[in-house]
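For reference, the structure is listed below as C-alpha coordinates.
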Amino acid sequence: MECVLCIEFRGPTDEYRSKQFTEMQKGLEKQFEPLIKAGLTMWADNTGTMLYWFPFESMEKFAEFYGDMEIQKMMARASGLLDDIKIRLLRPGITISEL
(Lines give C-alpha, C1' and ligand atoms only; values in the text may rest on other atoms or scores of the structure.)
Protein backbone atom coordinates (compact mmCIF):
# COMPACT_ATOMS: atom_id res chain seq x y z
CA MET A 1 0.00 0.00 0.00
CA GLU A 2 1.42 3.40 -0.89
CA CYS A 3 1.69 6.00 1.85
CA VAL A 4 2.78 9.58 2.48
CA LEU A 5 4.83 10.94 5.34
CA CYS A 6 3.62 14.49 5.99
CA ILE A 7 5.75 16.67 8.24
CA GLU A 8 4.13 19.97 9.21
CA PHE A 9 6.14 22.70 10.94
CA ARG A 10 6.83 26.38 11.35
CA GLY A 11 10.16 27.35 9.85
CA PRO A 12 13.13 28.79 11.70
CA THR A 13 12.75 32.46 12.57
CA ASP A 14 16.42 33.24 13.13
CA GLU A 15 19.25 33.21 10.62
CA TYR A 16 21.36 30.57 12.39
CA ARG A 17 18.58 27.95 12.58
CA SER A 18 17.46 28.81 9.04
CA LYS A 19 20.95 28.18 7.62
CA GLN A 20 21.27 24.90 9.58
CA PHE A 21 17.87 23.72 8.31
CA THR A 22 18.74 24.57 4.69
CA GLU A 23 21.92 22.48 4.91
CA MET A 24 20.01 19.60 6.44
CA GLN A 25 17.38 19.73 3.67
CA LYS A 26 20.00 19.38 0.95
CA GLY A 27 21.52 16.32 2.60
CA LEU A 28 18.16 14.67 3.16
CA GLU A 29 17.01 15.04 -0.42
CA LYS A 30 20.26 13.68 -1.90
CA GLN A 31 20.81 10.80 0.49
CA PHE A 32 17.32 9.33 0.54
CA GLU A 33 15.95 10.16 -2.89
CA PRO A 34 16.09 6.48 -4.03
CA LEU A 35 13.64 5.45 -1.28
CA ILE A 36 11.16 8.25 -1.83
CA LYS A 37 8.68 8.04 -4.69
CA ALA A 38 8.98 10.86 -7.22
CA GLY A 39 7.11 13.84 -5.89
CA LEU A 40 8.93 14.92 -2.72
CA THR A 41 7.60 18.44 -2.34
CA MET A 42 7.39 21.26 0.16
CA TRP A 43 4.19 23.26 0.57
CA ALA A 44 3.45 26.47 2.45
CA ASP A 45 0.58 28.77 3.27
CA ASN A 46 0.54 32.40 4.31
CA THR A 47 0.53 31.58 8.05
CA GLY A 48 4.17 30.48 8.20
CA THR A 49 3.24 26.79 8.27
CA MET A 50 5.16 24.52 5.91
CA LEU A 51 4.54 20.91 4.93
CA TYR A 52 6.98 18.37 3.60
CA TRP A 53 5.22 15.72 1.49
CA PHE A 54 7.19 12.45 1.23
CA PRO A 55 5.32 9.91 -0.94
CA PHE A 56 6.37 6.25 -0.74
CA GLU A 57 5.45 3.44 -3.12
CA SER A 58 4.88 1.07 -0.20
CA MET A 59 4.86 0.81 3.58
CA GLU A 60 8.02 -1.29 3.24
CA LYS A 61 9.84 1.61 1.52
CA PHE A 62 8.61 3.95 4.25
CA ALA A 63 9.83 1.52 6.95
CA GLU A 64 13.25 1.36 5.28
CA PHE A 65 13.41 5.18 5.16
CA TYR A 66 12.07 5.85 8.67
CA GLY A 67 14.02 3.01 10.26
CA ASP A 68 17.34 4.36 9.00
CA MET A 69 19.53 5.70 11.84
CA GLU A 70 20.68 8.67 9.72
CA ILE A 71 17.05 9.71 9.18
CA GLN A 72 16.43 9.44 12.91
CA LYS A 73 19.47 11.63 13.58
CA MET A 74 18.26 14.22 11.06
CA MET A 75 14.79 14.19 12.64
CA ALA A 76 16.34 14.73 16.08
CA ARG A 77 18.42 17.66 14.77
CA ALA A 78 15.38 19.12 13.01
CA SER A 79 13.38 19.11 16.23
CA GLY A 80 15.77 21.76 17.56
CA LEU A 81 15.62 23.86 14.42
CA LEU A 82 11.87 23.89 13.72
CA ASP A 83 8.82 24.87 15.73
CA ASP A 84 5.43 23.17 16.14
CA ILE A 85 6.41 19.94 14.38
CA LYS A 86 3.63 17.47 13.58
CA ILE A 87 4.33 14.17 11.83
CA ARG A 88 1.60 12.20 10.06
CA LEU A 89 1.69 8.95 8.14
CA LEU A 90 -1.11 8.95 5.57
CA ARG A 91 -2.57 6.06 3.60
CA PRO A 92 -5.26 5.98 0.92
CA GLY A 93 -8.68 6.60 2.39
CA ILE A 94 -11.23 3.81 2.72
CA THR A 95 -14.77 4.61 1.71
CA ILE A 96 -17.85 3.15 3.36
CA SER A 97 -18.63 1.19 0.19
CA GLU A 98 -15.31 -0.67 0.58
CA LEU A 99 -16.11 -1.90 4.09
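The values are calculated or read from the model by the stated rules, or taken from the named source; none is laboratory data. Not measured: the values here are computed from a predicted model. Reconstructed Cβ throughout: ideal geometry from the backbone, glycine too, with neighbour counts over all protein chains shown. For accessibility, only protein heavy atoms count, side chains too; no ligands or nucleic acids. Shrake-Rupley method; radii C 1.70, N 1.55, O 1.52, S 1.80 Å.
The rows are residues; the columns are (1) at pLDDT below 85; (2) open to solvent by 60 Å² or more (accessible area, probe 1.4 Å).
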position	(1), (2)
1	no, yes
27	yes, no
51	no, no
86	no, yes
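Looking only at residues that are part of a loop (DSSP other than H, G, I, E, B) and hydrophobic (A, V, I, L, M, F, W, C) in the range 72-95, which one is farthest from residue 21 (Cα to Cα)?
That would be 94.
Restricting the range 53-83 to residues that are over 14 Å from the mean Cα position of the chain (by Cα) and among the small types (Gly, Ala, Ser), which is surrounded by the fewest Cβ atoms within 10 Å (Cβ to Cβ)?
Ranking the candidates gives 80 first.
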